[in-house]
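Working notes for the structure below.
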Amino acid sequence: MNAAVRFQPLASALVARNSRLIVPRQIIRQGFKPEPTQSFRRGFASDATIPRPKPRKRFRTLRIAWRLTLGLTFLGTGWLAYSIYETRFPREQIEPDPAKKTLVILGSGWGSVALLKKLDTENYNVVIISPRNFFLFTPLLPSCPTGTVEHRSIMEPLRHIIRHKKASVKFYEAEATKIDNERRVVVINDLSDVKGDVHQTEVPFDYLVVGVGAENATFGIPGVREHACFLKEINDAHKIRKTVMDCIETAMFKNQTQEEKERLLHMVVVGGGPTGVEFAAELQDFFEDDLKKWIPDIADDFHVTLVEALPNVLPMFSKTLIEYTEKTFKDEKISVRTKTMVKNVTDKHIEAEVTHPDGRKELQRIPYGCLVWATGNAVRQVVRDLMSQLPQQKNSRRGLAVNEYLVVDGTDGIWALGDCSATKYAPTAQVASQQGAFLARLFNSMARTQALESELDHLEELSAQTTAQEDRESLEREIQKKGKAIRRVKQLSPFEYSHQGSLAYIGMERAVADITWFNGNLASGGSLTYLFWRSAYLSMCFATRNRVLVLMDWIKVKVFGRDVSRE
Ligand code: FAD
Ligand code: NAD
């Protein structure tokens with residue numbers, strides 16, 4: 001039997017099973033011809049005789065999705081490349097006219113930077129004064145001490161922001177120590193370790209915006225300033241990191257007693273507001289995901305406690321979310337001690353007044369290794385001093401009382417925004433940045449009004465000198481147009497805050513959100529809310545550079561875990 005006869009039944013069977021079968025050349029050479037299969041026919045038969053099967057819908061959808069993804073990827077990459085290019089290569093700046101008014105802005109936080117970003121700097125001689133030469137993205141500050149996010153990722157150099165303005169802006173890295181309302185000057189002090197010949201001077205202003213934020217509230221409780229860490233500035237995050245790691249390594253020291261080990265590994269966070277809750281959650285994540293793995297000896301003794309004077313944590317969130325947070329903390333093994341008000345702090349203990357369910361009060365001593373104090377805001381000294389110069393500020397407690405255009409009561413040409421102002425709104429980044437954007441609109445429209453008014457004066461002069469009837473009529477029309485434009489520009493409504501919602505991270509990749517939704521409120525908590533929290537904070541970062549750095553930090557932690565070395 002020749003090979004063709006031997007293989008024919010097998011080849012036919014295979015062709016029947018799989019129309020795309022490739023028959024070995026040797027077999028074809030020896031006389032074997034495959035039966036024309038369906039795909040074969042489809043290739044050679046005329047369209048009229050054999051109906052073409054319709055393209056499968058499933059693949060069409062896939063194709064569209066693929067093209068869409070490709071298109072979006074190209075667009076995204078293009079946008080990213082363009083933003084990076086823009087950031088790296090600022091354009092030439094113009095020098096503002098020295099005859100223009102001097103606008104001094106104090107602070108480089110949420111309020112002041114939002115103002116600076118939207119301000120047309122060519123209209124004023126702008127001077128910024130702040131002890132820090134960067135903007136700090138505070139919502140991600142609780143992630144810094146644990147290394148979930150690197151500190152540089154949430155800092156935006158002020159010099160970048162200034163250099164990108166159309167007209168140049170002066171920056172002095174200094175602290176304003178006094179605002180003299182009478183003499184219209186700000187006294188500034190250079191705080192840096194390197195001192196030049198001049199380290200204190202005065203800066204005169206025509207307009208002043210006070211955006212110095214607030215300092216940490218301690219309510220005069222003894223020992224807090226000496227022994228506790230705060231969480232407001234980037235240095236605070238370094239200090240917490242160092243203290244936590246010191247506590248851990250000291251607890252591991254040879255022959256440490258069990259009692260001392262437990263004290264050192266007890267991390268106490270005072271203040272159940274969002275700062276305290278988010279930091280406690282981040283610290284517990286750090287322990288569960290990394291510390292426990294690399295330093296297993298601390299597994300049984302490391303403990304996070306959140307202390308709050310009120311009956312519950314996160315008082316600004318809805319009841320469901322408060323309950324959800326407290327339950328999540330229980331699952332995470334974070335102890336929540338509500339109705340516990342700290343009264344005194346020593347180097348190793350806090351003394352707190354605990355209110356029992358029956359109303360009985362008891363003073364308890366709680367040992368701690370690291371104490372983080374997050375009990376809200378207090379008014380800064382420079383602001384208190386300005387308030388003391390103004391009788392209209394006598395009854396204000398929370399900061400500078402302002403009118404609906406954010407003008408400081410009792411002053412002319414001084415505005416205040418953000419945490420240092422006392423308004424009906426909570427002291428949040430959302431409020432401060434909206435106030436900053438509002439003031440930018442106000443200053444831009446003030447400058448526009450001034451420009452239009454001087455054009456109007458000029459036209460009126462011309463009109464008075466012109467004798468020709470036709471020219472006078474045309475000038476009158478111009479004057480009317482300018483008058484209308486001035487009225488339009490001057491029509492700036494008072495500041496109105498638009499609340500977008502509140503978000504907080506609560507650990508174990510969960511977050512809570514109270515979002516404003518069609519005049520109502522949408523409360524949600526869990527892992528999806530966590531994804532929303534992350535994307536919302538990423539989009540809120542002021543610069544593309546920070547967005548990319550934060551994203552890379554998150555990916556890095558997911559892949560390699562957090563670093564457990566000390567700063
Ligand atoms: P800041 O942003 O505090 O800026 C004040 C600026 O003034 C700083 O640059 C400071 O260096 C400077 N300054 C201080 N003293 C002087 C002086 N004497 N002279 C000149 N300059 C001075 N809010 C939210 O809405 N969402 C959040 O998720 C959120 N998370 C937060 C997390 C943490 C850990 C903290 C601490 C706060 C958080 N907040 C959040 C609140 C928010 O950060 C503040 O409400 C916001 O920073 C207020 O903006 P501000 O411009 O008034 O002050
Ligand atoms: P906070 O004022 O919101 O909360 C401080 C908490 O500390 C209060 O609940 C208070 O009862 C408690 N407290 C005060 N003294 C105490 C004591 N002696 N013992 C025990 N507890 C005591 O402060 P915060 O969390 O720092 O927030 C400050 C501002 O920043 C708020 O307006 C807040 O909304 C905003 N913020 C928002 C977010 C967010 O939206 N995710 C995050 C952080 C901060």
Near the amide H of residue 178, under 5 Å away, which other amide H atoms are found, from residues 5 or more places off or on another chain, if H is placed in the peptide plane? 187
Peptides 85-93, 412-420, 99-107 ordered by average Cβ neighbours within 10 Å, highest first: 412-420, 99-107, 85-93
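Work out, step by step, the length gained on full extension between residue 554 and residue 468: first 0.36 nm times the residue separation, then minus their alpha carbon distance; give nm to one decimal. Write out the running numbers ahead of the final one.
On the way: separation 86, 0.36 × 86 = 30.96 nm, distance 7.30 nm.
Gain on stretching residue 554 to residue 468: 23.7 nm.
Would the chain count as rounded, prolate or oblate if I go by the C-alpha gyration tensor, calling it rounded below 1.5 in a/c and otherwise prolate when a/b exceeds b/c, oblate otherwise? Don't skip to the answer; put the middle values down first.
Working: a/c = 2.56, a/b = 1.28, b/c = 2.01.
It is oblate, given that a/c is not under 1.5 and a/b is not larger than b/c.
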Zone of residue 300's modelled label, taken as backbone nitrogen in region 254-269 under 12 Å from a point 7 Å along Cα→Cβ: 258-259, 262
Give me the one-decimal Kirkwood hydrodynamic radius in Å for region 324-466, with the sum taken over alpha-carbon pairs. 20.4 Å
For region 194-239, what size does the Cα cloud have along each of its three principal axes, sorted from largest down, in whole Å? 39, 28, 21
Specify the angular offset, from 0 to 90 degrees and rounded to the nearest 10, of the alpha carbon long axis of helix 544-560 from the longest principal axis of the alpha carbons in the chain. 60 degrees
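Share of Cα-Cα pairs in region 323-389 beyond 14 Å, in percent?
On the way: 1605 of 2211 pairs.
Here the long-distance tail beyond 14 Å is 73 percent of all Cα pairs in region 323-389.
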Can you tell me the FRET efficiency between residue 563 and residue 348 if r is taken as the Cβ-Cβ distance and R0 is 30 Å, rounded to the nearest 0.05? 0.60
Distance from the Cα centre of region 393-416 to that of region 285-352, in angstrom? 38 Å
Counting DSSP beta bridges with both partners in the chain, what percentage is antiparallel, nearest 5? 55 percent
Charges at C-beta only: +1 for Lys and Arg, -1 for Asp and Glu. How large is the resulting dipole of region 236-356 about its Cα centre, in Debye rounded to 20? 240 debye
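Which order do the peptides 361-368, 379-386 come out in when sorted by mean C-beta neighbours inside 10 angstrom, highest first?
So the peptides 361-368, 379-386, ranked by packing, come out 379-386, 361-368.
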Simple Cβ-charge dipole of region 181-264, Lys/Arg +1 and Asp/Glu -1, about Cα centre, in debye nearest 20: 220 debye
What FRET efficiency comes out for residue 403 versus residue 480 if R0 is 22 angstrom and r is the Cβ-Cβ distance? Round to the nearest 0.05. 0.10
Okay, helix-only estimate at 222 nm for the chain: each DSSP H run of n ≥ 4 adds -39500 (n - 2.57), divide by all residues, round to 500 deg cm²/dmol; what do you get? -13000 deg cm²/dmol
Note, region 403-409: 3J(HN,Hα) by Karplus (6.51, -1.76, 1.60, θ = phi - 60°), whole Hz, Gly/Pro = x, goes 8, 6, 9, 6, 6, 5, 4
Spin-label point model (7 Å from Cα, Cβ direction): what's the residue 201 to residue 85 distance in nm? 3.9 nm
Residue-by-residue Karplus 3J(HN,Hα) for region 415-431, coefficients 6.51, -1.76, 1.60, Hz, glycine and proline x: 10, 9, 8, x, 5, 8, 9, 10, 10, 7, 9, 5, x, 10, 5, 4, 5
If you place +1 on the Cβ of every Lys and Arg, -1 on the Cβ of every Asp and Glu, and leave all else neutral, what size is the dipole of the chain about its Cα centre, to the nearest 20 Debye? 4060 debye
Per the charge dipole of the chain (beta-carbon charges, Lys/Arg positive, Asp/Glu negative, Cα centre), the residue among 65, 256, 407 reaching farthest to the positive end is 65
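Every read-out reported here was derived from the displayed coordinates using simple, explicitly stated rules and does not represent laboratory data. Bear in mind that the values here come from a model prediction, so they are computed numbers and not experimental data. Here the Cβ is made from the backbone with ideal geometry for all residues, glycine too, and neighbour counts use every protein chain on show.
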